[in-house]
Amino acid sequence: MISNLNNHWNTAYNNEDEQLGWFEAIPLQTIELVNACDLQKDATILNVGAGTTTLIDALIEEKFTNIIANDLSELALQKLKQRIKKSHNYNLTCIQDDLTNPDKLNKIQNVDLWIDRAVLHFFLKEKEQRSYFNLIQKVVRKKGYVIIAVFSLEGAQKCCGLDLKRYNVEILQNNLGPNFTLIKTFNHTFINPFGGERPYVYTLFQRQL
């Protein structure tokens, strides 16, 4: 199954970035939440399901120096790393790993900020979802932050040909558990490169214990 998903995403990222349905030229909403964290510039930031996101560019432009990008697709990470090196002369740390069955990510410690823009909603099985949230519990430090942006309950039912699970703030809070406090949330309708409306819910949580 993982091999099939790996092939699926490698095929998707074989296209031009601007033609991907989730392409976002300027990740304003995510950066707004990053800035709300008031992190030190050497904070460890883990962007899961990064793909070829422009968020990495934005984080570098914000002067962050310790950024890790994760994805299941090695092609996406290769493209991202090469682009970042060329455009910013920055050696991006990339980790190819499965968020639902990690063997590399679970060795990371003391993450200051976990960022997920549009990957959680692809995990349909309860076991996959639990593995994802367990990983957050394992790697995010006390007083660290978690940004999750996913399709809202009014959002699309499919993306990139795959079924989705949709969320609201309460569902996310229940999965994260009482150790995480909601700091900020808002709804945002993303307009994809083809003009389609994609309702999202953006959330920022902070770990307390």
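Every number here is computed from the coordinates shown, using simple stated rules; none is lab data. For clarity, every value in this text was computed on a predicted model and none was experimentally measured. Every residue, glycine as well, gets a Cβ built from its backbone with ideal geometry; the counts of neighbours run over all protein chains shown.
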Where TYR200 falls short, out of the listed (1) more than 18 Å from TYR132 (Cα to Cα); (2) over 17 Å from the mean Cα position of the chain (by Cα): (2)
Could you run through the stretch 13-36 and say how many residues are under 19 Å from VAL150 (Cβ atoms) and in contact (Cβ under 8 Å) with a residue 12 or more places away in the chain? 12
Subset of the stretch 93-132, residues part of a loop (DSSP other than H, G, I, E, B), among the basic types (Lys, Arg) and in contact with a strand residue (DSSP E or B) (Cβ under 9 Å, 6 or more places away or on another chain), comes to LYS104
If PHE64 satisfies every condition in (1) surrounded by fewer than 16 Cβ atoms within 10 Å (Cβ to Cβ); (2) assigned to a loop (DSSP other than H, G, I, E, B) but one, which is the exception? (1)
Out of all the residues in the stretch 133-172, which are within 17 Å of the chain's Cα centre (by Cα) and part of a helix (DSSP H, G or I)? PHE133, ASN134, LEU135, ILE136, GLN137, LYS138, VAL139, VAL169, LEU172
For the stretch 136-187, give me each residue that is charged (D, E, K, R) and surrounded by 13 or more Cβ atoms within 10 Å (Cβ to Cβ). LYS138, ARG141, GLU154, LYS165, ARG166, LYS184
Of the residues in the stretch 104-129 that are within 11 Å of the chain's Cα centre (by Cα) and under 30 Å from ASP42 (Cβ atoms), the one that is surrounded by the most Cβ atoms within 10 Å (Cβ to Cβ) is ILE115
Over the stretch 34-58, the set of residues within 19 Å of ARG198 (Cα to Cα) and either among the small types (Gly, Ala, Ser) or part of a helix (DSSP H, G or I) (or both) is GLY49, ALA50, GLY51, LEU55
Among the residues of the stretch 83-90, is there at least one that is surrounded by fewer than 16 Cβ atoms within 10 Å (Cβ to Cβ), among the basic types (Lys, Arg) and within 20 Å of ARG141 (Cβ to Cβ)? no
